[in-house]
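In what follows, a structure is listed as structure tokens, so that the remarks can point back to it.
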């Protein structure tokens, strides 16, 4: 089970459900999420089912001059690149190529969350170009870390929250950086008291969450990528110290 993170000092009615794994339909879901553009919102008023999220473009300049070979090498450094995606203090390496990311604390009307998401991050190569690296991100598990304020009649398990995250990065055509897309979606069932809220109010609440997550993801990557790429470049160009002659 993912670690528990307290959200506030207020009394709560129910706590989080156990960590869940992603579904076997992940490749199909990945294509759907990455094909979107901007915020996404869907509400089924009859059942209370809600889905929301966002897909954002990432374009980060890393080098002042075209350096496609070095950028391709950097994209092939799975661990180094993974550590540039998120604040390292909010990451835990679970196993090879899989990292647990702690997200910010979020509030959706009367539901509070501090999700952790287990992300597989690995480099593959484009089928039409075996020298073209593509760095892939895909959620493989999550824990919503839900806390419900008193007065809600549903349990955390009844909310049926699902969290999906997908992403990809590849070298830019000018050889000076990387570009790609990052997408996330949260889905669940609204508690009965929230189902009577206007759709516009619910969408405004989700838009706020979307903006917070997108901003954090982009800012975190741009800062981390610049730092890690510079370290990688310096290591590649650092002259080797000649061995000492035998005494």
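The values are calculated or read from the model by the stated rules, or taken from the named source; none is laboratory data. Fair warning: this is a prediction, and the values are worked out from it, not measured in the lab. Here the Cβ positions follow ideal geometry from the backbone for every residue, glycine too, while neighbour counts run over all protein chains shown.
Quick grid of which residues meet (1) surrounded by 15 or more Cβ atoms within 10 Å (Cβ to Cβ); (2) closer than 23 Å to residue 236 by Cα:
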| residue | (1), (2) |
| --- | --- |
| 72 | yes, yes |
| 77 | yes, yes |
| 83 | yes, yes |
| 93 | no, no |
| 104 | no, no |
| 138 | yes, no |
| 142 | yes, no |
Could you tell me whether residue 170 is crowded, with 16+ Cβ neighbours inside 10 Å, under 26 Å from residue 204 (Cβ atoms) and in contact (Cβ under 8 Å) with a residue 60 or more places away in the chain? no
Which of (1) surrounded by 14 or more Cβ atoms within 10 Å (Cβ to Cβ); (2) closer than 20 Å to residue 100 by Cα does residue 189 not meet, given it meets every other one? (2)
Of the residues in segment 58-78, those that are assigned to a strand (DSSP E or B) and in contact with a helix residue (DSSP H, G or I) (Cβ under 9 Å, 6 or more places away or on another chain) come to 58, 60, 61
Could you tell me whether segment 196-217 includes any residue that is assigned to a strand (DSSP E or B), over 17 Å from residue 112 (Cα atoms) and touching a residue at least 24 places away in the same chain (Cβ under 8 Å)? no
Here are some conditions: (1) outside any loop (DSSP other than H, G, I, E, B); (2) more than 19 Å from residue 78 (Cβ to Cβ). Residue 104 meets all but one. Which one does it not meet? (1)
Looking at (1) loosely packed, with under 15 Cβ neighbours inside 10 Å; (2) under 30 Å from residue 190 (Cβ atoms); (3) over 19 Å from the mean Cα position of the chain (by Cα), can you tell me which one residue 126 breaks? (2)
Of the candidates 5, 16, 28, the one satisfying the condition of being part of a helix (DSSP H, G or I) and modelled with pLDDT under 90 is 28
Which numbered condition residue 218 fails, given (1) crowded, with 18+ Cβ neighbours inside 10 Å; (2) within 26 Å of residue 64 (Cα to Cα); (3) in contact with a strand residue (DSSP E or B) (Cβ under 7 Å, 6 or more places away or on another chain); (4) modelled with pLDDT under 95: (1)
Tell me yes or no: at least one residue of segment 102-118 is without any contact (Cβ under 8 Å) to a residue 60 or more places away in the chain and closer than 14 Å to residue 170 by Cα. no
